[in-house]
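Here the structure is laid out as structure tokens; the discussion comes afterwards.
The values are calculated or read from the model by the stated rules, or taken from the named source; none is laboratory data. Predicted model, so just to flag it, every value in this text is computed and none were measured. Cβ placement follows ideal geometry from the backbone for every residue including glycine, while neighbour counts extend to all protein chains displayed. Heavy atoms of the whole protein, side chains included, go into the accessibility calculation; ligands, DNA and RNA do not. Shrake-Rupley method; radii C 1.70, N 1.55, O 1.52, S 1.80 Å.
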Amino acid sequence: MICDECRERQATVMVTQIINGKKTEAHLCQECAKKHSGLGFITEPSFTFNNILAGLFEPEGLQAAGIQVRPKVRCDNCGLTFADFRRLGTLGCSQCYTQFEALLEPLLKRIHGNTQHTGKPPTSGGTAHLRRELEEARRQLRDAISIEAYEKAAELRDRIRELEKTLAEQDKS
Amino acid sequence: MSLKDIIGRALSNWMKGTGPEFDIALSSRVRLARNLEHLPFPAVADESQLKQVLTSTQKALPIECMKNAEFIRLSEISPLERQLLVEKHLISPQHAQNVKHKAAIVREDEAVSVMVNEEDHLRIQAIFPGLQPLEAWSLAGKVDDGFAEKLEFAGSERLGFLTACPTNVGTGMRASIMLHLPALSMTEQMKRVVGVVGQFGLTVRGIYGEGTDILGNIYQMSNQVTLGQSEVEIVEHLTRVAKQIIDQERAAREHILQQSRIRLTDRIFRSYGTLAYARSISTQEAMQLISDVRLGIDMGLVTDLEPRILQELLVIIRPAHLQKLMGRELNVEERDEHRAMLIRERMKQTDK
């Protein structure tokens, strides 16, 4: 099928629009489809979290957030500039997190409400996440017992046994 | 196990299983974003660095819980085959674009897949049927451990796992639950649900993730926050909210049945009839009708079909699967025609 708009390329996208109850359908190629922004294509979402996120870094946004620091414009490690980040919505390398720290801090706070990781530790790997889960489950078990949620407590007890067993096996090997 | 098997069969093995709340929670998925230390993220990396990610990952692959896994270089398979992987949720739609130096690792039962060089170097995904996000986390975590023994991941004590996008930093985890919510949709409560869920740090999206349409009343609910909460906390929070939505969906079903039994039954059987006899049907219409029939099955009104028909048709009526089945490229009219035929055939095989 040929694209309804340019009449040249192969149509690969079907666009259904409903305006005032009147439904129209168009078969478009990728190029023409791209021109119709905001139509929710499966391939390239135009209104993404990243775009909005990058928008938060517009100078006005920074000023509104009360940031006075002169932003470091380029990451020494990967060469990504601040403008690149605003355009891409993604950072360039793990070093960017330290290089742009002053700017990222308020952003992270805004996205996550937090700036301290409490999950699985990235360095240790191995059994660390199991130990953490075990601790967590033990704590929850105490909570469950205190509110007499015995069904939940039984589930947790089984999970704790399972975790202890796995950890014991891994310690042996 | 080969690539041929993965794209040759429409239903993944994990789909044959079942899980808690299976009538509403279709599946639970956990995705972990990981990056290799010392190499820039894919969007910035040059060709040789991207290649390095590919080779390091492939070399690290023989890990305990990934036996019988296939390493698929996306540039070595056809666009149609890539689209099949998207339709099976094994890779994201974005991953199927600009495929140079991209790969997918798929475990035999397709419950685990890893995207290499997507937005992050590795995106590990585990999926379970029903409401089992904790199990999905546990499995994804094991795969993560396996890779971590051989690869050094970028991370810091304070910020956790470092990801290309700051929205994923910390756990690098996105946990999501796919929910079939026809009664909440019929009673026009979905807008409210989406709003409320947002206040709990969760988001609701279409079935193929960010920026995709809602099809067949299927919604994906996932966590937004990745920093400052542990993986188990994230998963438990998500589960608790999901359970409440599930309860509301059940209440709405009951309410509709009490208030307008005939109208509901009529709608379900009209949908049944259309699916059983239509000669041409679009994906969108088919999904809506299949959703109605599945609701009928769940409520005991339709008794000759298994609930699984929804998941089955969900995959095989998508464009790439249709074309694979027919063995050639199809234009839109042909697809609609073949889709209708396929559904008619499936409806004839009564399950009971």
>> Contact order normalised by length for the stretch B:260-347, with contacts defined as Cα pairs under 8 Å and 6 or more residues apart; what percent is it?
In response: 39 percent
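Give me the percent of accessible area attributable to carbon and sulfur for the protein assembly as shown, probe 1.4 angstrom. Show your work: numbers first, answer last.
Working: 11940 of 24250 Å².
Ligands and nucleic acids excluded, carbon and sulfur give 49 percent.
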>> Rounded to the nearest angstrom and ordered from largest down, what semi-axes does the equivalent ellipsoid of the protein assembly as shown get from its C-alpha gyration tensor (root of 5λ)?
In response: 37, 30, 24
> What nm value, rounded to one decimal, do you get for the distance between A:Q170 and A:I147 when each label is placed 7 Å out toward the C-beta?
Replying inline: 2.9 nm
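Considering only DSSP states other than H, G, I, E and B, which trypsin sites (Lys or Arg not before Pro) in the stretch B:231-295 qualify as loop sites with at most 11 other Cβ atoms within 10 Å?
Details: sites: B:R240, B:K243, B:R250, B:R253, B:R261, B:R263, B:R267, B:R270, B:R279, B:R294; in loops: B:R279.
The qualifying sites are B:R279.
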> With the solvent-accessible surface defined on protein heavy atoms using a 1.4 Å probe, which residues belonging to the stretch B:217-233 display a reduction of at least 20 Å² in accessible area in the multichain context relative to the isolated chain?
Replying inline: B:Q224, B:V225, B:L227, B:G228, B:S230, B:E231, B:V232, B:E233
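Using protein heavy atoms only (no ligands, DNA or RNA), what is the total accessible area buried between B and A, 1.4 Å probe, nearest 100 Å²?
Details: alone 15840 and 12710 Å², together 24250 Å².
For chain B against chain A, roughly 4300 Å² becomes buried.
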> For the residue pair B:K16 and B:L325, what label-to-label distance in nm results when each label sits 7 Å from Cα along the Cα-to-beta-carbon direction?
Replying inline: 1.9 nm
>> As an exercise, use a Förster radius of 30 Å and the Cβ-Cβ distance of B:R158 and A:Q30 to find the FRET efficiency, rounded to the nearest 0.05.
In response: 0.10
> Counting only residues 5 or more places away or on other chains, whose amide H sits under 5 Å from the amide H of B:F41 once H atoms are built in the peptide plane?
Replying inline: A:C93, A:S94
>> Restricting to DSSP loop positions (anything but H, G, I, E, B) with no more than 14 other Cβ atoms inside 10 Å of their own Cβ, which trypsin sites (Lys or Arg not before Pro) remain in the stretch B:80-121?
In response: B:K100
> Over all distinct alpha-carbon pairs, what is the Kirkwood Rh of chain B in angstrom?
Replying inline: 21.1 Å
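Using per-residue counts of other Cβ atoms within 10 Å, averaged over each peptide, order B:115-126, B:306-317, A:149-160 from highest down. Could the numbers behind the result be given before it?
Numbers: B:115-126: 25.4, B:306-317: 19.9, A:149-160: 14.8.
The peptides rank, most packed first, as B:115-126, B:306-317, A:149-160.
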>> Run the paramagnetic zone check for B:S260: 7 angstrom along Cα to Cβ, then residues of the stretch B:175-191 with backbone nitrogen under 15 Å.
In response: B:182-190
>> Percent of Cα-Cα pairs more than 24 Å apart in the stretch B:260-347, please.
In response: 19 percent
> Per-residue accessible area for A:V15 at 1.4 Å probe radius, Å² rounded to 10?
Replying inline: 10 Å²
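So with the 1.4 Å probe, I'd like the accessible area per residue for the protein assembly as shown, rounded to whole Å².
On the way: 24250 Å² over 525 residues.
The answer is 46 Å² per residue.
Pull out the extension gain between A:E105 and A:E155, defined as 0.36 nm times the separation in residues minus the alpha carbon to alpha carbon distance; nm, one decimal.
Numbers: separation 50, 0.36 × 50 = 18.00 nm, distance 3.89 nm.
Here the answer is 14.1 nm.
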